[in-house]
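Shown next, in structure tokens, is the structure this report addresses.
The values are calculated or read from the model by the stated rules, or taken from the named source; none is laboratory data. Treat the numbers as computed from the prediction; the structure is a model and nothing was measured. All Cβ positions, glycine included, derive from the backbone under ideal geometry; neighbour counts span all protein chains shown.
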Amino acid sequence: MGARRAAWAALGAAGVLLLAPGPAGAQRGDPAAGKAVYELRCAGCHGIKGDGKGPAAELLDPRPRDFTTGVYKIRTTAAKIPSDEDLFRVITEGMPGTSMPGWKMLPERDRWNLVAYIKTFAPDKFREPPPRQALPPEVAPSPESIKRGREMFEAIECNKCHGNQGRGDGPSRPELKDDWGHPIRPANLTKRWTFRGGARREDVAMRIAVGVLGTPMPAFLEAVEKPEDIWHLTNYVLSLGPESPRFVTLLTAAAVTEPIPDDPAAPFWAKLPPQNVPLVGQVIVEPRNFNPAIDMVTVRAAWNEREVAFHLTWDDPTESRGGDGTHPDAIALQFPPRVDPSGERPYFLMGLGSEPVYLLRWEQGRGVVEATATGPTQVTVLAGSEAAGRAVWADGQYRLVVKRARVAREAGRTPFEPGLFLPVALQAWDGGAGETGAKMSLTSWYYLRLGEPQSNRRLVIPPVVALLTLAAMLLIVRAANRRG
């Protein structure tokens, strides 16, 4: 195994020599100039001393990198330190899912100066440039490769952390900590746009090969049976989810004539288009949620003359019913009690004072209720609820159907009228992560439109036009024959 790693490292070093830029990129930046940029842009989180103890550090999860240790998560090298290019890329592109933004707006020279200055916090670690880690020859995606990747995923126990379907819900999850003793979440492999080291094929393969330093994610280059298994694993991981979430700005409920099923697994729902909506942590009022557990909800919706229904899907690594220091999982659809022709809407954070909102709220162990709210902690359940729902949780994911009579029976309950643009927002709580009350994920106002029923005219007009066209052609042919 050691000989194999040495061979790949040597090949990688050769590749670096062949691909390295010329003298213009040799010493990439001025540490003194980088110090000024660092103190202006970076010290607030990483600290003046580079020890990860800036003024904002206590509010951030995960915590800012401590540069004095010389330990960096993302690297493409066969050593334990990153290359200058690795540091430059993280500065430029940021790290999705963390408070580290991308700094593309900075001039390139400033970013290279930052690289040079950051290395001065652990100078002994950066005495020699590290060799690049070579990857085995690439294997193209195929059903056979993905199948092999799934086998290796289980053989080297990736599922112990990442879960059977890659949603970060494996049995080892509760005990995972980084090298500094902080709890750490395994990556949700179905959401590649959140991969902190990048979502390109070579990025994923490199993370599998060299691991993520400072975390429980080890290097697997020597753990797999054959070097090409790195690419089979990569192909499998990339098969678990789409390249992009393709977030929507308008939600549509399809008009149907058949009964709408309560079962979240019914084939009916798979026929409707998924509509992905991003959620962010609530940071306006205390307690603020700087590291929300739920970042996306997939909405499918339908209506008929009798009722309106919403099928909601979201990832949650645990099924929390409350108790034992946790809270029940929950999710809510929020609407204004009535549609204001002027376009005015209540305050999006669950209403305010004299401007309440109407909620269709589901809670684990309690089911669906109708409620009104004038703030995150001012929720009143309505008597005589006309709403119902059914939820299932499996492999780190909830699927929920919420239904209500389309026409409101009483004032204060939102009516759902076809063709109107109805404001809608969502809130979600991962009770297992301590989320309750104002500590939640949420959206601002979106719009929901109930699609118009399909008119019978659509079915009648095309055949009529075809018959008239045929008749006209026959008349033309007959007239031509007579002239002949």
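Of (1) out of contact with any Phe, Trp or Tyr (no Cβ under 9 Å at 6 or more places or on another chain); (2) under 17 Å from residue 28 (Cα atoms); (3) of a type in the set (A, V, I, L, M, F, W, C), residue 74 satisfies all except one. Which?
(2)
Within segment 344-401, considering only strands (runs of 3 or more DSSP E) that don't extend past its boundaries, which have at least 3 residues that are outside the structural domain of residue 163 (by TED's automatic domain parsing) and either without any contact (Cβ under 8 Å) to a residue 12 or more places away in the chain or under 30 Å from residue 168 (Cβ atoms) (or both)? Steps first, please.
Numbers: elements: 357-363, 367-373, 379-381, 387-394.
Once the strands (runs of 3 or more DSSP E) in segment 344-401 are filtered for at least 3 residues that are outside the structural domain of residue 163 (by TED's automatic domain parsing) and either without any contact (Cβ under 8 Å) to a residue 12 or more places away in the chain or under 30 Å from residue 168 (Cβ atoms) (or both), what remains is 357-363, 367-373, 387-394.
If you scan segment 150-162, which residues turn out to be more than 23 Å from the chain's Cα centre (by Cα) and in a helix (DSSP H, G or I)?
Answer for segment 150-162, where residues must be more than 23 Å from the chain's Cα centre (by Cα) and in a helix (DSSP H, G or I): 151, 152, 154, 155.
Looking at (1) farther than 22 Å from residue 138 by Cβ; (2) among the aromatic types (Phe, Trp, Tyr); (3) in contact with a Gly (Cβ under 9 Å, 6 or more places away or on another chain), find the lone condition where residue 231 falls short.
With (1) farther than 22 Å from residue 138 by Cβ; (2) among the aromatic types (Phe, Trp, Tyr); (3) in contact with a Gly (Cβ under 9 Å, 6 or more places away or on another chain) applied to residue 231, the lone miss is (1).
Of (1) in a loop (DSSP other than H, G, I, E, B); (2) crowded, with 22+ Cβ neighbours inside 10 Å, residue 207 satisfies all except one. Which?
(1)
Tell me, which residue of segment 130-146 that is assigned to a helix (DSSP H, G or I) and over 25 Å from the mean Cα position of the chain (by Cα) is farthest from residue 191 (Cα to Cα)?
Start the filter on segment 130-146 by keeping residues that are assigned to a helix (DSSP H, G or I), which leaves 143-146.
Applying the additional criterion that residues be over 25 Å from the mean Cα position of the chain (by Cα) yields 143-145.
Values: 143: 20, 144: 23, 145: 20 Å.
Only one residue fits best here, namely 144.
Those residues that are hydrophobic (A, V, I, L, M, F, W, C) and free of Cβ contacts under 8 Å to residues at least 12 places away in the same chain, I need them from segment 269-301; list them, please.
Looking only at segment 269-301, we keep the residues that are hydrophobic (A, V, I, L, M, F, W, C), and these are 269-270, 272, 277, 279-280, 283-285, 290, 293-294, 296-297, 299, 301.
270, 283, listed by residue number.
Which count do you get for residues in segment 96-133 that are aliphatic (A, V, I, L, M), under 30 Å from residue 236 (Cα atoms) and either surrounded by fewer than 20 Cβ atoms within 10 Å (Cβ to Cβ) or at pLDDT below 95 (or both)? Quick ask: steps written out before the conclusion?
If we filter segment 96-133 for residues that are aliphatic (A, V, I, L, M), which is where we start, we get 100, 105-106, 114-116, 118, 122.
Imposing the further condition that a residue be under 30 Å from residue 236 (Cα atoms) reduces the set to 100.
With the extra rule that they be either surrounded by fewer than 20 Cβ atoms within 10 Å (Cβ to Cβ) or at pLDDT below 95 (or both), the set shrinks to none.
Total meeting the criteria: 0.
When the residues of segment 212-253 are filtered to those that are assigned to a loop (DSSP other than H, G, I, E, B) and of a type in the set (Ser, Thr, Tyr), which remaining residue is farthest from residue 302 (Cα to Cα)?
Among them, the one singled out is 215.
Return the total of residues in segment 364-413 being touching a Leu at 6+ places or on another chain (Cβ under 7 Å), within 20 Å of residue 254 (Cβ to Cβ) and β-branched (Val, Ile, Thr).
Here the count works out to 1.
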